[in-house]
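J.: Attaching a single structure in structure tokens format; questions to follow.
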Ligand SMILES: Cc1cc2nc3c(=O)[nH]c(=O)nc-3n(C[C@H](O)[C@H](O)[C@H](O)COP(=O)(O)O)c2cc1C
């Protein structure tokens, strides 16, 4: 039986301006834990906002998401997309990492020129195919030599 894969993408707000060392700690934990439970993904940090994609078997993703949601370095954790997937978008990364400026982020996600970011993100939430397109775009930029974190 092929493995059934599940993917969850959320957005959250850092509780404070996280120093590099905090991000490093999060990536260290990801390398330590995610491989063991077969979870891969992407973490983006942009001006106090996290976007994280978790993919793997559903119970593993849900358990990890529950741990992450309880982390007091961020709050207002808001799922923007979740569901079964045919293939992993980030198969090579226990947790790839990208840091972007708000302008860069809006540009990549297709929000550039939008007056109300909050509203635009709300609209994006219902648009699974656009979200998928954006995630594949991020994945290809990692493959092109973006800043990635992997232990293998
Ligand atoms: C935005 C964010 C993303 C995180 N992502 C992960 C992750 O992918 N994997 C992980 O193990 N921990 C992640 N963490 C850290 C967990 O909340 C928790 O601190 C960690 O899993 C504890 O690991 P340990 O029990 O090995 O010390 C994240 C935390 C934050 C704030």
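We did not get these values from a lab; they are worked out from the coordinates using the rules stated. This is a predicted model, so every value here is computed, not measured. We place every Cβ from the backbone using ideal geometry, glycine too, and count neighbours over all the protein chains shown.
J.: Note down the nm distance, to one decimal, between modelled labels 7 Å out along Cα→Cβ at residue 14 and at residue 67.
T.: Here the modelled spin labels are 2.2 nm apart.
J.: For the chain, what is the calculated [θ] at 222 nm in deg cm²/dmol (nearest 500), taking -39500 (n - 2.57) for each run of four or more DSSP H residues and dividing by its residue count?
T.: -12000 deg cm²/dmol
J.: Output the relative contact order of the chain, whole-number percent, from Cα pairs under 8 angstrom with separation of 6+ residues.
T.: The normalised contact order for the chain reaches 31 percent.
J.: Expressed as cubic angstrom per residue, what is the convex hull volume of the alpha carbon set of the stretch 5-143?
T.: So the per-residue Cα hull volume is 103 Å³.
J.: Pop a pseudo-label 7 angstrom from the Cα along the beta-carbon direction at both residue 87 and residue 57 and give the gap in nm to one decimal.
T.: Going by the 7 Å Cα→Cβ label model, 2.2 nm.
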